[in-house]
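J.: Dumping the structure here so I can ask a few things about it.
Derivation of every value follows stated rules applied to the coordinates shown; laboratory data play no part. Please read all numbers here as calculations on a predicted model, not as lab measurements. For neighbour counting, all protein chains shown are included, and Cβ atoms are generated from backbone atoms with ideal geometry for every residue, glycine included.
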Amino acid sequence: MADIVGEVWRIAEECGFSHIGELMVDTIKLRIEARQGCEVNKCGHYGKSWSCPPACGTLEDCDARLRKYKRGLLLQSTGQMEDSFDYEAIEGTSRKHGECFDILRNRLHENYRDVFLIGGVCRQCGKCSYPDAPCRFPEKTSYSMEGLGMIVSEVCKDNNIPYYYGPNTITFIGAVLLD
């Protein structure tokens with residue numbers, strides 16, 4: 001049987017990510033600083049989703065969940081901006097990254113049951129059932145890197161994958177953990 005990382009890499013390429021790199025889970029360090037960014041609720045999802053804090057668990061809970069895996073892939077979508085205020089390009093790149101990630105999730109869900117998806121706030125349902133009812137699709141949920149406690153630039157650096165692709169670029173990053 002072919003290596004699962006290679007198989008998933010091929011599928012990720014077909015989904016349209018700009019850059020893909022191998023991720024070693026033992027390089028991931030969860031940091032309270034990442035969680036503090038969540039607590040100020042910049043993205044508007046804190047306390048509103050099973051995949052975000054506080055519902056996704058403590059840093060210790062998240063670390064235990066991550067350590068079940070050994071390897072994975074970092075998945076990036078990079079877009080060009082006219083200038084640093086090009087919100088249209090930022091939104092377009094974010095949307096493309098989400099679409100690529102949704103396609104990947106659906107393809108992996110068909111063949112691989114034991115993967116951990118980290119692709120930003122979960123968009124599986126129109127409105128999350130949190131906190132009133134259990135998650136409707138726990139096997140399809142994706143989590144935010146920051147919500148789990150990761151400093152994204154650090155994860156990229158520690159896995160020899162660029163985080164910055166030059167002036168007037170924007171990059172959205174997710175991951176899939178395997179093994």
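J.: Out of the range 86-159, which trypsin sites (Lys or Arg not before Pro) are coil in DSSP terms and have no more than 10 other C-beta atoms within 10 Å?
T.: Numbers: sites: 95, 96, 105, 107, 113, 123, 127, 136, 140, 157; in loops: 113, 123, 127, 136.
Here the sparse-neighbourhood loop sites are 113, 127.
J.: Within the chain, what is the longest stretch that has no chymotrypsin sites (Phe, Trp or Tyr not before Pro) placed in a DSSP loop and near at most 15 other beta-carbon atoms within 10 Å?
T.: Values: sites that count: 85, 112, 163, 164, 165.
Longest gap between qualifying sites, sites excluded: 1-84.
J.: Could you work out how far the C-alpha centroid of the range 75-95 sits from that of the range 136-170, in angstrom?
T.: Cα centroid of the range 75-95 versus Cα centroid of the range 136-170: 16 Å apart.
J.: What list of ³J(HN,Hα) couplings, whole Hz, do you get for the range 163-179 from phi and the Karplus terms 6.51, -1.76, 1.60, once you set θ to phi - 60° and write x for glycine and proline?
T.: 10, 10, 10, x, x, 6, 10, 9, 10, 9, 10, x, 7, 10, 9, 10, 5
J.: Oh, and also: Could you tell me the relative contact order of the range 4-178? Use alpha-carbon pairs under 8 Å, at least six residues apart, and round to a whole percent. Write down the numbers at each step before the final one.
T.: Numbers: 286 pairs, mean separation 64.7, N = 175.
Reported as a whole number, the value is 37 percent.
J.: What list of ³J(HN,Hα) values in whole Hz, one per residue of the range 138-147 in order, does the Karplus curve 6.51 cos²θ - 1.76 cosθ + 1.60 (θ = phi - 60°) give from phi, with Gly and Pro shown as x?
T.: For the range 138-147, the Karplus curve yields x, 6, 10, 5, 10, 10, 7, 4, 5, x Hz.
J.: Please check which bits of the range 52-76 a label hung off residue 33 would reach, taking the label as a point 7 Å along Cα-to-C-beta and the cut-off as backbone N under 11 Å.
T.: No residues fall inside that zone.
J.: Of all trypsin sites (Lys or Arg not before Pro) in the range 7-71, which ones are in loop regions per DSSP and have a Cβ with at most 10 other Cβ atoms within 10 Å? Walk me through the intermediate numbers first.
T.: On the way: sites: 10, 29, 31, 35, 42, 48, 65, 67, 68, 70, 71; in loops: 29, 31, 42, 48, 67, 68, 70.
Answer in residue order: 42.
J.: Can I ask one more? If you take the beta carbon distance between residue 95 and residue 19 as r and set R0 to 25 Å, what does 1/(1 + (r/R0)^6) give as a FRET efficiency, to the nearest 0.05? Don't jump to the answer; show the numbers that get you there.
T.: Working: r = 18 Å, r/R0 = 0.70.
Here the calculated transfer efficiency is 0.90.
J.: Can you give me the distance in nm between label points at residue 132 and residue 114, each placed 7 Å from the Cα along the Cα-to-Cβ direction?
T.: Result: 3.7 nm between the two label points.
J.: Another question, if that's okay. Going by how many other Cβ atoms sit within 10 Å of their own, how do 132, 86, 179 line up, fewest first?
T.: Values: 132 6, 86 16, 179 13.
Result, fewest neighbours first: 132, 179, 86.
J.: With the cut-off at 1.5 for a/c, could you classify the range 1-97 from its C-alpha gyration tensor as rounded, prolate or oblate? Intermediate results must be reported in sequence, preceding the final value.
T.: Working: a/c = 2.19, a/b = 1.01, b/c = 2.18.
The shape class here is oblate.
J.: Note the listed values [x] 45, 43, 30; [y] 50, 49, 28; [z] 51, 47, 37, then indicate which one is Cα extents along the principal axes in Å calculated from this particular structure.
T.: [x]
J.: Are there any helices in the chain, counted as whole DSSP H runs, that stretch 30 Å or more along their axis by Cα and score at least -0.5 on average by Kyte-Doolittle, and if so which?
T.: Values: long enough: 87-111 (36 Å, -1.13).
Passing helices, by number: none.
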